[in-house]
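Comments concern the structure below.
The values are calculated or read from the model by the stated rules, or taken from the named source; none is laboratory data. Given the structure is predicted, the values throughout are model-derived calculations rather than measurements. All Cβ positions, glycine included, derive from the backbone under ideal geometry; neighbour counts span all protein chains shown.
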Amino acid sequence: MSHVSTLKLHQLRLGELPGDEAARCQAHLDGCALCQARLGHQAEVRRDFEAMPIPLAIARPRWQRMALGVVPLLAAALVLFALSPGTPPRKAPVDETPVTETPVLVGPIAEPGPVATPAAPVAVEVVAPLAPKKSTTRTKGASMPRLEAWVEAGQSERPVYPGESLGAGARVQLRYDALGKNFVTLAGRDSNGVVEVYATIAATARGLQSAPFALTLDDSKGEQAFFALLSDTRLDPESVKMALTKNPVRMDGAIVTSLVLRKD
């Protein structure tokens with residue numbers, strides 16, 4: 001077995017180990033000089049401790065013994081004095097000497113003097129605000145996105161940039177937000193005033209949605225306007241065409257939002 005711990009050596013010496021465990025420890029001690037030496041050292045330390053004389057009490061002078069009893073009483077008296085209500089402070093003597101008031105002479109109002117030249121203003125450096133982060137979407141004509149135009153660019157799509165001109169053959173997809181309405185009617189009007197109603201779509205989700213079709217721009221130049229009419233009921237296409245021939249575009253029972261693209 002491994003060496004006997006210090007605790008077990010103490011217990012073995014004091015007879016506190018059970019019989020079988022005491023026998024195992026004793027068998028180890030019989031063959032281990034190191035543990036025998038440790039046990040002997042414990043016995044020597046104990047004998048030296050028991051042989052030490054008992055220290056006598058320190059004899060204090062009488063005045064020290066009296067002081068030890070008086071100090072707590074003084075401390076208690078100071079606490080009581082601090083907690084007791086104090087005497088009201090004496091009022092400062094009042095000077096009762098009569099005060100002679102100096103009369104104030106009232107005369108005509110003086111003419112205003114020359115106006116002092118103001119000091120030169122302090123130069124203030126105007127710091128431009130931080131530029132906002134560019135958004136991947138672009139809002140058209142409203143504080144929240146209702147209608148956007150995206151153009152195919154290679155294998156992906158991107159929003160049409162502000163002021164950007166598109167050429168003939170560009171494929172454009174409209175994205176709309178129904179704003180809680182049941183139907184969205186998408187339509188367009190070219191620079192010649194020709195109006196087309198593309199589709200009326202049942203709104204099935206909230207947020208910005210993509211139209212289920214793309215539009216290919218023709219070779220006519222000028223402005224191309226797109227419209228989204230949001231309504232609770234399905235709109236009549238002929239009524240939509242009639243409304244889009246006028247400016248501004250208004251239609252009862254519908255929210256109208258639009259955007260304009262430039263074709264070159």
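Observations
- Count of residues meeting criterion [outside any loop (DSSP other than H, G, I, E, B) and not β-branched (Val, Ile, Thr)] in the stretch 185-227: 18
- If you check GLY154, GLY188, GLY193, GLY169 for being under 14 Å from LEU261 (Cβ atoms) and surrounded by fewer than 16 Cβ atoms within 10 Å (Cβ to Cβ), only one passes: GLY169.
- Meets criteria (in contact with a strand residue (DSSP E or B) (Cβ under 9 Å, 6 or more places away or on another chain) and farther than 21 Å from PRO212 by Cβ) for GLY180: no
- Residues within the stretch 155-200 that are among the acidic types (Asp, Glu) and at pLDDT 90 or above, tallied: 3
- For GLU152, the conditions (1) modelled with pLDDT of 90 or more; (2) assigned to a strand (DSSP E or B) all hold with the exception of (1).
- Candidate set: the stretch 160-184, residues that are in a loop (DSSP other than H, G, I, E, B) and of a type in the set (A, V, I, L, M); chosen: the one nearest to ALA203 (Cα to Cα): ALA178
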